[in-house]
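Structure, as structure tokens:
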Amino acid sequence: MVNRLWSLTEYPFQPERQLYYETIFCLGNGYLGNRASFEEGYAGDTPATLVHGLYNHAEGAQVAELANIPHWVGVEFTVDGTPFRMDFSKKDLLKPPNGVALGYQRTLDMKHGLLKREALFRAESGGTVRVTFERFASMDNVHLMVQRVTITAIDGAPTVHLRAGLNANVSNEGRRHWQDVQPHATPEQMTLTATTNQSGYRLGMASALLTNSPVQAQFDDLTATHETHIQLGKDETVTLLKLTAITTSRDTDDPLALAQSILSAYRQQSYDQLFAAHAAQWDRLWLTTDVQIEGDEEAQVALRFCAYHILIAAPRHTDDVSIGAKTLSGFGYKGHVFWDTELFVLPPLTLTHPEIARNLLMYRYHRLAGARRKAQENGYEGAMFPWESTDTGEETTPKWSDPQPDGTRIRIWTGDNEQHISTDIAYAVLQYWRWTGDDAFLIDYGAEIVLDTAVFWGSRVEARSGRYELTNQIGPDEYHENIPNSVFVNRMAQWHLQQALNLLGWLKQHAPHKHASLSDQLKLTSERLAKWQDIIERMYIPFDEEKQIHVQFDGFFDLEYIPVLKYEPRVGGIWPMLGHERALQSQVIKQADVVMLMALLGDEVGPREVLLNNFNTYYPRTDHGSSLSPAIHAWVAARLGLDEIAYHMFQHAAWIDLKDNKGNVRDGIHAAACGGLWQSVVFGFCGLHLTPEGDLAVDPRLPAHWKQVSFSVYYRGERRHFTVEQPALVAP
Ligand code: IFM
């Protein structure tokens, strides 16, 4: 029996919500994500499996995207000739034209990454079966997918005819990614090879239906199939196993050979053995991931849901991929990697699974060449990371939106001007270093990222009227594009340059060879460093002395004031109500911007009075049109003692996917909201922080009805457990 605080259940079958559940119940193992479409398939479904790093630029598309790989989930069967399906209408109950599904329940066990569906099905003949489908993406061997189908005759002695296969007739919402598709099948195994039609990645799949009854094999141009006939006796149960191994040329030179060897190694094992190995890995992962909340069961489930989705997207097998804004759970944002990873998803991983955080940072390190090319193409020095990133390291932000209702397309400027991404990455590198104490990583890789992105800012700033400015920027609040002097961007760039100087000082002392080689390689001359110091001293930080608040950007308060709260209740941002042009000319803010700065730099931004003024100014102007916003507000509000707002924002963040409160969960999980939720609890409500003395401390500010929060983090290689109680801390 799965614990209700560890699971999500769908009951009854809701065909109109299948896209929601495909995302919410997505399976994965850090290598791939598999949407929870049904084995037998239904009209309007979006079956998809996305493999980390497997990008392809389909003909006619603006940009590359993660290619949906051939469908391996399919299992169909008939009972006495009646196809097993669940999409019947109520009137069918009286006179079933085909068959009738009499019962249904589907559960995602988040503790062990298992999707289980149970149904009762009566065929036209009257023969009735109980069916259980189980599916998991093995955490033990990330190339292995396991499915078990259990069919029990509960009325009559029906004949079951079952087909399971591989099917390359797939696309990303119509965009085709595969060529040279070669299916093959023998009774022993089905295989399929294919190559992405632009990037040239090769895929190998090997699958088998394992059952005691004889198996017939077939294949055609796009599919490979195994079929079997089973005559069930009264009350008899039959169990079938389908194993599928998936590899690509990103893993090996011969993906098919590797897939076949994995299949032959694991086909000897029973389902229980395969599941036990998988579950043991999950237990290990949860050991440090799980945050336990006493006194709020809904919050507990939401937090586990978010952690589950981060864990299934988190690559443990390679340091050459990163997590996209929609994880691997849907086609949204095309699998592209944004700042969402470094500032939202990475912090929980840095503290709970530092080895995975390191992989994600190495993904950026491996793409420094692309960042340098971008800087050069734009007339700057150093490394300027792309706003949207894929496998190549090139800027992959589309230039134009999809057509609007009136058919026009809107120019997307983020790829040109949302430049804070370079500092966000540097921030994540330094945060990782501070928490892990991984000097080797910093010396060998991280320092180069921090320093060469600092070189970029040194060349990017504009000296004007005796100070340094940054015009034509987009801050986190993307409603305001190409603006002058975003306080977030200017202050973070200033912080970045200061960190770069500090880091150089540290390197000189602890790794003089590296200090010398990087100084040489990145041309860190004394003139350059003097300029950095000058920028730090004379960077313009927009601030209203009279009101004692930071000004989001020059001219912000000259724009139309729109009381955002008047536009409640609503599901999305108010931008669609105002229209693009008016939103741009108003003070409506899309997401935490000055508030984001306060989350990242805390007290360094200013005294408490200024922080409160900032929050009270910007919170009522923010419409949270981005899913990144509420969790950051919860975190900062908790630190400022604004308890009601903090919990309200926490709830908003918690339900983004589970209650589909952005209305787009079909496109995939909001990864940043998931990582943000963890931060709102651990950094916000529990107040975990590093002390100036170099230790850990908490400073709890729990919601009134939370009795206790327990969590573990790694600090400098040591696992530390905290139990934070209401109202005071119990010793670590
Ligand atoms: O990176 C975010 C951005 O901050 C807001 N729009 C969506 C992007 C991807 O999640």
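Values quoted throughout were computed directly from the atomic coordinates according to the rules given, and no laboratory measurement underlies them. Source: prediction; values computed, not measured. Neighbour counts are summed over all protein chains in view; Cβ atoms, including those assigned to glycine, are modelled from backbone coordinates with ideal geometry.
Could you tell me how many degrees, from 0 to 90 and to the nearest 10, lie between the Cα long axis of helix 447-460 and the main elongation axis, the longest principal axis, of the Cα atoms of the chain? Orientation of helix 447-460: about 60 degrees from the principal axis.
Measuring r between the beta carbons of residue 567 and residue 317 and using R0 = 35 Å, the FRET efficiency lands at 0.20. Summarising the label geometry, the points placed 7 Å from Cα in the beta-carbon direction at residue 527 and residue 62 lie 4.1 nm from one another.
A full extension of the chain between residue 283 and residue 198 corresponds to an added length of 26.7 nm, given 0.36 nm per residue minus the alpha carbon distance. For residue 114, the residues 5 or more places off, or on other chains, whose built amide H falls under 5 Å of its own are 109.
Candidate cross-link partners of residue 374 among the aspartates and glutamates, defined by an alpha-carbon separation under 16 Å and a same-chain spacing of 8 or more, comprise 388, 391, 394, 395, 416, 418, 452.
Taking a cut-off of 15 Å, what percent of all Cα-Cα pairs in region 404-468 are separated by more than that? Looking at region 404-468, the distances longer than 15 Å represent 66 percent of pairs.
Under 9 Å from the Cβ of residue 425, count the other residues' Cβ atoms, weight Lys and Arg +1, Asp and Glu -1, and hand me the total. It works out to a net charge of -1. Working from label points 7 Å from Cα in the Cα-to-Cβ sense, the residue 237 to residue 152 distance is 0.5 nm. Gap in Å between the Cα centre of region 225-278 and the Cα centre of region 608-632? Taking the Cα centre of region 225-278 as reference, the centre of region 608-632 is 51 Å away.
How much net charge surrounds residue 468 when only the other residues with a Cβ under 15 Å from the Cβ of residue 468 are counted, with Lys and Arg +1 and Asp and Glu -1? Around residue 468, the surrounding residues sum to +2. Between residue 708 and residue 585, the FRET efficiency estimated from the beta carbon spacing at R0 = 45 angstrom works out to 0.40. Taking the alpha carbon gyration tensor of region 289-394, multiplying each eigenvalue by 5 and rooting it gives semi-axes of 31, 14, 12 Å, largest first. Among the listed pairs 116/707; 326/523; 399/659; 566/590; 334/566, those whose Cα-Cα separation exceeds 26 Å are 116/707; 326/523; 399/659; 334/566.
For the chain, taking Cα atoms only, Rg and Dmax work out to 26.9, 90 Å respectively.
For region 1-122, what class follows from the C-alpha gyration tensor (a ≥ b ≥ c being the square roots of its eigenvalues): rounded when a/c is under 1.5, otherwise prolate if a/b is larger than b/c, else oblate? Since a/c reaches 1.5 but b/c is at least a/b, the shape of region 1-122 is classed as oblate. Annotation: extensible slack from residue 257 through residue 506 equals 84.8 nm (criterion: 0.36 nm per residue apart, minus Cα-Cα distance). Taking every Cα-Cα distance in region 74-198 and sorting them into 5 Å bins starting at zero, the pair-distance distribution P(r) comes out as 2, 9, 15, 16, 15, 15, 14, 9, 4, 1, 0 percent. Considered as an equivalent ellipsoid built on the Cα gyration tensor, region 392-549 has semi-axes of 31, 21, 14 Å, the largest given first. Helical content alone sets the calculated 222 nm signal of the chain at -9500 deg cm²/dmol, taking -39,500 (n - 2.57) per DSSP H segment of four or more residues and averaging over every residue. For residue 400, neighbours were defined as the other residues whose beta-carbon sits under 11 Å from its Cβ, and their charges (Lys and Arg +1, Asp and Glu -1) total +2. For the chain, the longest principal axis of the C-alpha atoms and the axis of helix 629-639 are separated by about 60°. The angle separating the long axis of helix 526-538 from the principal Cα axis of greatest extent in the chain is about 90 degrees.
The calculated FRET efficiency for the pair residue 212 and residue 180, based on their C-beta separation and a Förster distance of 35 Å, comes to about 0.45. Separation of region 104-119 from region 682-704 is 36 Å, based on Cα centroids.
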